[in-house]
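Scroll down for the structure; my scribbles are underneath it.
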Amino acid sequence: MNLSKGTTLIEASAGSGKTYTLCRIVLRLILIENVSIDRILAVTFTTAATAELKDRIRSLLQDCLVEINKGEIKEDVLTEAQEHESLATLKQRLQLSLDAFDEAQISTIHGFCKRALDFIPLESGMPFDASFEQVEDDMIERLRNEYIISHIYDHSPLLAALGLANITKIEETLKEVGRQTATHPYAELRPKPQKHFIESLTSLFVSTVENIPKIKETLDPLIPNFNKRSKLYKALIDPTFYSSLEKMAARGYPNKDDINTLTTLSEDAFAKALTKTIAHTDLPPVLEVCDRFITSLTHLPHHFAHHYRSFLHDRLRTLKELSGTISFDDLLHILNRAINSEQSSTIQTDLGALYDAVLIDEFQDTDPVQYNILNTLFGQGDHHLYYIGDPKQAIYSFRGADIQTYFQATQIDSIRTQTLGTNYRSTPEMVAGSNAFFTLSEESFVLDAIEFEAATAKPTETPPKAPSPHSAPGLRFEVLPPEGSKTGQREEQSIACKDDILALVSEGVTPKEMAVLVNNRFEADLIYNILSKTGIPCEIRSERSIFQTQEMDTICLLLTCLARPAQAALQKSLLGNALFGLTWEGIDSPTFTETHDRLSDFLYEWRKDWDQSLFTVTFQRMLRAFSCIDRLAENANFERSYSSFLQLAEIASDAQNEANLSPQSLVNWLRRR
């Protein structure tokens, strides 16, 4: 590792020992370059990574000191350092570093900016009475709702109707834009939106409405030749089909049902309706306009994302100024302005003099503002500056512009580049499979500037084990037929996964040796249920909240039953839940009827005594009265599920007691968590 002053870029793929290397750079700087630990700045991008790095560096220093005291040198850096200094000197430097370790500057980029601004309080112009907030969640949520009302619902009847029909997708998109804009205001949204999109969409809708009479004239003669199982055929023979279109035309805007109706007139629906006798029929011109309208609707969330972004940027800044609030992300922009101000020369000199060496972890996630700060203060050749990152990991990020910052840094003539090419984490079979997959295409990572370099596996000192009964390739792909609905495909995938797991279990692999990675919590719940029903013990491990679990849904259903004790359908739904375990097939059986009557009476009494009872106490009484605990115990994931129920019951009780909430109000409160 080159320890000369200047900038070094270390490209470290997953499993290549990035943190190990970073710790050894710090050790070399201390032992060989005699840089005191308080003069070394290490920047990571999460609080968790900061804590881990501190622990790793401290442990390394302690281990090296122990090796010197025992006279058993195993650490390679210690061996290398002995060529430059005596063991007594190295021991002294290690001890001084440990004594001063609390002064070590290992922090997030926001932590560094806060200390830097504290060092130049007058020059930065930062308000002394400003309050710091980690994230502006409340402000962003308020502005998101304001935007939806003012720029969608109040814009025009057409946009209000289209927005309402797509509100779930629009809210998800705006929420993600808000989350990312707060931390990366300079990131670029791609692709760029179509100019005059709303005007074009409105024009397409008007043309679609005007073509409704022609649609009937064009399609009615083709009905006898259409596929009778197709969506279009079934729509055309429905007596209400054209009347609903005519009502839409008279209304001047579509409702959600109208949108579904119009999708039957798309190019895809028309193509699926064609039989062999009319297979070469072109899409009628009257349907082309309708298809363009339906296609344009898919771009609606993207359009709102771009428009909302500029709205959020301006309104958020105004709100924060009025409330005297500064977010931690604002610290970056305040420091960036300071080092580029009229006093920049003095500020750059003062801040640059604080450190001799700087290490930047996860450099691929550095945005233009962060890079400008780091390069301006430490990238002029007077410091030991190390950038450690992996450009391949940046493509999974929203921050499309950040990777360009990475490439910008690599173009500096004086930069030194080093690649960590050995994978120490995966088996040789997995490394070989990964190499084979990513070399199949020259565009594996979207951008031409990201080149894939095959990794090498860690050399093994022991001979390879004999193949086990369940030996398999390091990487295997199974492509299922793209048939049926998306939900059906997910179920097929989950069943295929379950079959693979059962096969491995039969060959001696234990469930705890396996992991299933999914895209979202819905897939997690699906495969969790399938495995549980098969008797395979499993648990969902994720950062998702307890308020996003099946147990949460059950508690809310129970509370809804309490809010509406006269609705038998809700109670029957609860009986079909895992807590009670009754099936719909036996709905007419005496057991179902008896249990339903008992539950109805229990819920009636609970609702009557709601104000005098604690939810958690009565809930546990219900569990015992209906043998729910025994039923849950039959599940392979009993401990996790039962624990979640008890935790949610405690949360519900606290909320009920503190705010005097009714059952329905408690449901609403829980759903907002």
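Taking the numbered list (1) assigned to a helix (DSSP H, G or I); (2) loosely packed, with under 14 Cβ neighbours inside 10 Å in turn, ARG28 passes all entries but (2). Please work out which residue is farthest from ASP118 (Cα to Cα), limiting yourself to segment 324-349 and to residues that are open to solvent by less than 20 Å² (accessible area, probe 1.4 Å) and out of contact with any strand residue (DSSP E or B) (no Cβ under 9 Å at 6 or more places or on another chain). If we take residues in segment 324-349 being open to solvent by less than 20 Å² (accessible area, probe 1.4 Å) and out of contact with any strand residue (DSSP E or B) (no Cβ under 9 Å at 6 or more places or on another chain), then ASP329 is farthest from ASP118 (Cα to Cα). Residues in segment 416-434 that are in contact with a helix residue (DSSP H, G or I) (Cβ under 9 Å, 6 or more places away or on another chain), surrounded by 17 or more Cβ atoms within 10 Å (Cβ to Cβ) and outside any strand (DSSP E or B): SER426 only. Of all the residues in segment 626-650, those that are without any contact (Cβ under 8 Å) to a residue 40 or more places away in the chain and touching a helix residue (DSSP H, G or I) at 6+ places or on another chain (Cβ under 7 Å) number 4. Among the candidates ALA88, ALA51, ALA42, ALA81, the residue that is of a type in the set (Gly, Ala, Ser), in contact (Cβ under 8 Å) with a residue 60 or more places away in the chain and either surrounded by 13 or more Cβ atoms within 10 Å (Cβ to Cβ) or out of contact with any strand residue (DSSP E or B) (no Cβ under 6 Å at 6 or more places or on another chain) (or both) is uniquely ALA42. Please indicate, with yes or no, whether at least one residue in segment 516-529 is part of a loop (DSSP other than H, G, I, E, B) and touching a residue at least 60 places away in the same chain (Cβ under 8 Å). For segment 516-529, residues part of a loop (DSSP other than H, G, I, E, B) and touching a residue at least 60 places away in the same chain (Cβ under 8 Å): absent. Filtering segment 511-531 to residues that are within 17 Å of ALA496 (Cβ to Cβ) and polar (S, T, N, Q) leaves ASN519, ASN529. Pull up segment 485-525, narrow it to residues that are exposed (fewer than 12 other Cβ atoms within 10 Å of the Cβ) and among the β-branched types (Val, Ile, Thr), then point me to the one that is farthest from the chain's Cα centre (by Cα). Applying the filter and picking the extreme gives THR510. Among the residues making up segment 259-273, those that are crowded, with 18+ Cβ neighbours inside 10 Å and of a type outside the set (S, T, N, Q) are ILE259, LEU262, LEU265, ALA269, PHE270, ALA273.
I need the full set of residues from segment 274-323 which are among the β-branched types (Val, Ile, Thr) and buried (at least 17 other Cβ atoms within 10 Å of the Cβ), in order please. Within segment 274-323, VAL286, VAL289, ILE294 meet the criteria.
For PRO191, which of the numbered conditions (1) assigned to a helix (DSSP H, G or I); (2) within 30 Å of ASN336 (Cα to Cα) fails to hold? PRO191 satisfies every listed condition except (1).
Counting the residues of segment 616-662 that are within 32 Å of the chain's Cα centre (by Cα) and within 13 Å of LEU558 (Cα to Cα) gives 4. If you take the residues of segment 199-213 that are of a type outside the set (Val, Ile, Thr) and open to solvent by 20 Å² or more (accessible area, probe 1.4 Å), which of them is farthest from THR264 (Cα to Cα)? Here the answer is GLU199.
Per-residue answers, yes or no, for (1) among the hydrophobic types (A, V, I, L, M, F, W, C); (2) outside any loop (DSSP other than H, G, I, E, B); (3) over 30 Å from PRO213 (Cα atoms):
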residue	(1), (2), (3)
LEU287	yes, yes, no
SER296	no, yes, no
HIS307	no, yes, yes
LEU331	yes, yes, yes
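Counting only residues that are touching a residue at least 40 places away in the same chain (Cβ under 8 Å) and in a helix (DSSP H, G or I), segment 338-373 holds 12 of them. The residue that is surrounded by the fewest Cβ atoms within 10 Å (Cβ to Cβ), among those in segment 91-118 that are in a strand (DSSP E or B) and out of contact with any Phe, Trp or Tyr (no Cβ under 9 Å at 6 or more places or on another chain), is SER107.
When ARG640 is tested against (1) modelled with pLDDT of 85 or more; (2) within 28 Å of GLU539 (Cα to Cα); (3) out of contact with any Ser or Thr (no Cβ under 8 Å at 6 or more places or on another chain), only condition (1) is not met. Restricting the search to segment 537-551, which residues are of a type in the set (Lys, Arg) and in contact (Cβ under 8 Å) with a residue 12 or more places away in the chain? Listed by number, the list holds a single entry, ARG544. Every condition in (1) β-branched (Val, Ile, Thr); (2) open to solvent by less than 30 Å² (accessible area, probe 1.4 Å); (3) more than 20 Å from ASN260 (Cβ to Cβ) is met by ILE170 except one, and the failing one is (3). Please verify whether THR534 is of a type outside the set (Lys, Arg) and in contact (Cβ under 8 Å) with a residue 40 or more places away in the chain, treating the condition exactly as stated. No. Going through (1) within 16 Å of ILE388 (Cα to Cα); (2) open to solvent by 10 Å² or more (accessible area, probe 1.4 Å); (3) at pLDDT 95 or above one by one, LEU60 falls short only on (1).
The residues of segment 214-258 that are more than 17 Å from PRO284 (Cβ to Cβ), open to solvent by less than 90 Å² (accessible area, probe 1.4 Å) and of a type in the set (Asp, Glu), listed by number, are ASP238, ASP258. Scanning segment 74-94 for residues that are over 24 Å from ASP38 (Cα atoms) and more than 44 Å from the chain's Cα centre (by Cα) yields a single hit, GLU83. The residues of segment 534-569 that are modelled with pLDDT of 85 or more, open to solvent by less than 30 Å² (accessible area, probe 1.4 Å) and within 22 Å of TRP669 (Cβ to Cβ), listed by number, are GLU551, MET552, THR554, ILE555, CYS556, LEU558, LEU559, THR560, CYS561, LEU562.
The values are calculated or read from the model by the stated rules, or taken from the named source; none is laboratory data. The structure presented is a predicted model; accordingly, all values stated were derived computationally and were not measured. Note: ideal-geometry Cβ built from the backbone for every residue, glycine included; neighbour counts use all protein chains shown. We work out accessible area using only protein heavy atoms, side chains counted, and drop any ligands, DNA or RNA first. Shrake-Rupley method; radii C 1.70, N 1.55, O 1.52, S 1.80 Å.
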